[in-house]
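Take a look at the structure below.
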Amino acid sequence: MHLSGNYFQYNGQPSAIWGLFFAEVELPPDRRRMGSPEYATQYNRLTHRHFLQQAGWQEPLAFEAEIVSDRVLSDEEVGEIYDWLFHEKTFQRLAFLSDEYDGVYLNCVFHAVEEIRGGVNGKYGAVGFKVAVLCDAPWGWEDGEAVYEAPQLGTQMTFHNPSAYKGYLYPEVTIQTGSQGGDLLLQNITDGNRQTKFTGISAAPHTLTLLPETLEVRSSLSTEPVYDAFNKNFFRLLPGLNRFSVTGDVQKLTLQYRIARLI
């Protein structure tokens, strides 16, 4: 991983406060590029051929690293770093101040910490840390947003899904309606004309939000029985180019998504 020499942000806090940067990052030799699927085959004794099956993806990205400072750290600073970097109980965002990884981040935790001690400018003490890093996926992430407004809305719409993960992408969908109400339909033509549909929406401008990660559907109108009006198909996108349509009283459509990026 080309992270050596880079400052970073973790959980929204910049490492430059303590002069910390990645000095060395080590992956096992067989995992220099993360995100490849693991495959299994099934043998057909009639044709004497093996058929390819995708068994699953690799284990989450994990690596060892050295994080060092450009100065000797005081005991107070070491305590601050431990509180910031090493005491998290949930995955937090790690972003790199690097052109190569601009916009790409990892969700990770740091553990197995060992202090590195040395001398800088005539002072001796803690100058960094050896750590193990555990992530939530075999790849990094990149956030994106696609916004469609009139005259884009209609039956000839496109979205390109460049994710390294070759399964479905389920974006968070926000629909701003007009004052007519009625039925709303999102149809992914590329995905066998699969429909995401709302029936009998209130005739008042409001916002519908589909949250596939938590399987929620929300309306900005407190009186809108929105889940009952929903056909329970969350909008999804195939890898590559998707052609889809939007019909009904839709004034604005926003897709917010997170795609997999190989590290």
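The values are calculated or read from the model by the stated rules, or taken from the named source; none is laboratory data. Just so it is clear, the model here is predicted, and its values are computed rather than measured. Every residue, glycine as well, gets a Cβ built from its backbone with ideal geometry; the counts of neighbours run over all protein chains shown. The protein model used for the area step is the full one, side chains on, heavy atoms only, and it has no ligands, DNA or RNA in it. Shrake-Rupley method; radii C 1.70, N 1.55, O 1.52, S 1.80 Å.
A compact table of results
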| read-out | value |
| --- | --- |
| For LYS197, solvent-accessible area (1.4 Å; no DNA, RNA or ligand), Å² | 70 |
| Which of THR196, THR209 is most accessible, then next, and so on - probe 1.4 Å | THR209, THR196 |
| Virtual spin-label span in nm between ILE189 and ILE17, 7 Å along Cα→Cβ | 5.1 |
| Rounded to whole Hz, the Karplus (6.51, -1.76, 1.60) HN-Hα couplings of the range 199-216, x for glycine and proline | 10, x, 6, 4, 7, 7, x, 7, 10, 10, 10, 9, 10, x, 5, 10, 6, 10 |
| Accessible area per residue, Å², the chain with all protein chains present, probe 1.4 Å | 54 |
| Accessible-area ranking of GLU213, GLU64, GLU88, GLU224, largest first, probe 1.4 Å | GLU213, GLU64, GLU88, GLU224 |
| Residue (of LEU238, GLN176, TRP84) at the positive-pole extreme of the chain, dipole from beta-carbon charges | LEU238 |
| Accessible area in the full protein assembly, largest first, 1.4 Å probe, for THR177, THR190 | THR190, THR177 |
| Positive dipole terminus of the chain, leading residue within GLY167, TYR124, PRO60 (C-beta point charges) | GLY167 |
| 3J(HN,Hα) from dihedral phi, the range 186-197, Karplus parametrisation 6.51/-1.76/1.60, rounded to Hz, x for glycine, proline | 10, 10, 8, 5, 5, 9, x, 6, 5, 10, 10, 9 |
| Portion, in percent, of the accessible area of the chain that falls on carbon or sulfur, probe 1.4 Å | 47 |
| FRET E, pair GLN9, SER179, Förster distance 51 Å, beta-carbon r, rounded to 0.05 | 0.70 |
| Percent breakdown of C-alpha pair distances by 10 Å bin, ordered from the shortest bin, for the chain | 6, 23, 22, 20, 17, 9, 3, 0 |
| CD proxy at 222 nm, helix term only [per DSSP H run n ≥ 4: -39500 (n - 2.57); per residue of the chain; nearest 500] | -500 deg cm²/dmol |
| In Å², nearest 10: area of GLU24 left accessible to a 1.4 Å probe | 70 |
| Assigned charges on the beta-carbon of Lys, Arg, Asp, Glu; the chain dipole about Cα centre (debye) | 1220 |
| Gained length - ASP70 relative to LEU221, 0.36 nm times residue gap less alpha-carbon distance | 48.9 nm |
